[in-house]
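Comments concern the structure below.
The values are calculated or read from the model by the stated rules, or taken from the named source; none is laboratory data. Small disclaimer: the values here were computed from a predicted structure and weren't measured. Every residue, glycine as well, gets a Cβ built from its backbone with ideal geometry; the counts of neighbours run over all protein chains shown.
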Amino acid sequence: MKVSRISVVGGGIGGLSAALALQHFGYRVSVFEQTRELREIGAGVVITPNAMHALNFLGVGERISKQAGPTEAYLIRHFQTGEVIKIRANGTDYVGRFGATYHQVHRADLHAALADALVRNDPNCVFLDHCFEALTQGSDHVVATFTNGKTYASDVLIGCDGGASKVRACVFGDEVVNYTGQVAFRALLPMSKVPPGVTKIPYAMFVGLNRALLHYPLRHRTVMNVIGMAREPSWQAHLGNQTNGTSVRSRKRSFLSFVRGCLLGTASSICCIATRSWSNSGSDLGMKLINPASKRPDLTASNCSKLGAG
């Protein structure tokens with residue numbers, strides 16, 4: 001079968017990356033995004049050298065490097081004492097070993113770079129306000145139906161619509177995703193609110209039993225990204241505001257409890273970030289954050305093993 005038209009459901013980082021790569025090889029690609037605006041939310045993301053190779057191939061690596069700024073070596077520290085366990089190489093040290101740099105970037109910057117490159121290649125390839133509903137397959141084509149009543153036919157359809165993928169459910173059945181037992185607290189803080197003791201050594205990971213806390217700056221040290229990871233026996237997605245059932249807005253007391261339990265002797269400076277930056281006027285995080293803090297589970301789908309079949 002000759003493939004010329006490819007539909008990508010989902011306009012996130014995965015969907016845009018797939019579409020941009022397909023454009024590179026000469027395919028006509030249409031991206032269908034359920035929101036009314038093509039934009040990314042969230043916090044920081046680590047771009048390792050192998051990912052930088054991919055971004056360079058897609059033509060956006062230089063832009064990402066400039067927006068992220070240089071990455072210094074970061075410290076891995078003991079969760080109780082703050083003792084330095086290991087020093088990880090800085091971004092430029094990776095070039096000699098792996099042929100590409102290492103960066104921490106804001107997800108929105110990465111998403112915007114991919115979107116701009118995609119639309120520059122084809123200004124009419126993105127369809128907003130298209131929430132995927134169902135698909136039907138023929139012998140040589142697939143038809144996608146959206147909740148707005150529109151349908152589109154293509155030779156191939158690729159589902160990039162997240163952990164709660166409707167495309168996957170249509171192909172393999174609507175199976176419940178599995179909670180892996182790990183959650184992550186995420187927040188972005190203005191660097192002006194971060195205590196000097198933290199900004200002096202801005203790249204650090206504190207590791208402890210069943211939990212870790214990582215902080216690093218973004219956008220040339222104008223924003224601090226904070227991530228707390230922990231094991232929890234259950235995921236209660238009904239708490240707070242949900243995003244696709246996999247993220248809730250976290251509460252200040254929940255995060256502070258996590259940090260204090262994690263860092264113990266070194267907790268005061270990290271807790272100071274929270275108390276300076278998160279409003280005391282409400283119970284929810286995010287009153288003075290650049291982005292509302294969230295608590296997100298690590299999920300896998302039981303039918304992911306089937307993706308290589310057929």
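Do we find that Ala187 is surrounded by fewer than 19 Cβ atoms within 10 Å (Cβ to Cβ), closer than 30 Å to Phe32 by Cα and either aliphatic (A, V, I, L, M) or in contact (Cβ under 8 Å) with a residue 40 or more places away in the chain (or both) in this structure? No: the conditions fail for Ala187. Evaluating His53 against the criteria (1) farther than 30 Å from Leu213 by Cβ; (2) surrounded by fewer than 19 Cβ atoms within 10 Å (Cβ to Cβ); (3) modelled with pLDDT of 95 or more; (4) not β-branched (Val, Ile, Thr) leaves one unmet condition, (1). Of all residues in region 216-256, exactly one satisfies the criterion of being loosely packed, with under 13 Cβ neighbours inside 10 Å, closer than 30 Å to Glu72 by Cβ and at pLDDT below 85, namely Arg231.
When the residues of region 145-166 are filtered to those that are at pLDDT 95 or above and farther than 14 Å from Val29 by Cα, the one that is surrounded by the most Cβ atoms within 10 Å (Cβ to Cβ) is Phe146.
When the criteria are applied in full, Gly42 meets the requirement of being at positive phi and in contact with a Lys or Arg (Cβ under 6 Å, 6 or more places away or on another chain). The criterion of being within 14 Å of Val8 (Cα to Cα) and either of a type in the set (Ser, Thr, Tyr) or crowded, with 18+ Cβ neighbours inside 10 Å (or both) does not hold for Leu128. Contact map, region 89-100: first residue under 13 Å from Met52 (Cβ atoms), second residue in a helix (DSSP H, G or I) and of a type in the set (Ser, Thr, Tyr), Cβ cut-off under 9 Å, separation 6 or more or different chains; pairs are Gly91/Ser65; Ala100/Tyr94. The residue that is nearest to Cys131 (Cα to Cα), among those in region 154-180 that are in a helix (DSSP H, G or I) and aliphatic (A, V, I, L, M), is Val167.
Checking Val143, Val183 one by one, the residue that is in a strand (DSSP E or B), touching a strand residue (DSSP E or B) at 6+ places or on another chain (Cβ under 9 Å) and under 20 Å from Ala19 (Cα atoms) is Val143 and no other.
Might you let me know whether region 180-200 holds any residue that is over 30 Å from His106 (Cα atoms) and β-branched (Val, Ile, Thr)? Within region 180-200, none of the residues are over 30 Å from His106 (Cα atoms) and β-branched (Val, Ile, Thr).
This table checks each residue for (1) hydroxyl-bearing (Ser, Thr, Tyr); (2) closer than 25 Å to Ala187 by Cβ; (3) crowded, with 19+ Cβ neighbours inside 10 Å.
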position: Gly11; (1), (2), (3): no, yes, yes
position: Ser17; (1), (2), (3): yes, no, yes
position: Glu37; (1), (2), (3): no, yes, no
position: Gly42; (1), (2), (3): no, yes, yes
position: Leu75; (1), (2), (3): no, yes, no
position: Gly96; (1), (2), (3): no, no, no
position: Ala100; (1), (2), (3): no, no, yes
position: Gln104; (1), (2), (3): no, yes, yes
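When the residues of region 172-186 are filtered to those that are hydrophobic (A, V, I, L, M, F, W, C) and modelled with pLDDT under 80, the one that is farthest from Gln137 (Cα to Cα) is Phe185.
Residues that are touching a strand residue (DSSP E or B) at 6+ places or on another chain (Cβ under 7 Å) number at least 3 in the following helices (runs of 4 or more DSSP H) confined to region 1-120: 13-24, 61-68.
Taking each residue of region 193-215 that is in contact (Cβ under 8 Å) with a residue 12 or more places away in the chain and crowded, with 19+ Cβ neighbours inside 10 Å and looking for partners that are part of a strand (DSSP E or B) and of a type in the set (Phe, Trp, Tyr) with beta-carbon atoms closer than 6 Å, six or more apart or interchain, yields Leu213/Phe206. Just one of (1) buried (at least 16 other Cβ atoms within 10 Å of the Cβ); (2) touching a residue at least 12 places away in the same chain (Cβ under 8 Å); (3) not hydroxyl-bearing (Ser, Thr, Tyr) fails for Ala169. It is (2).
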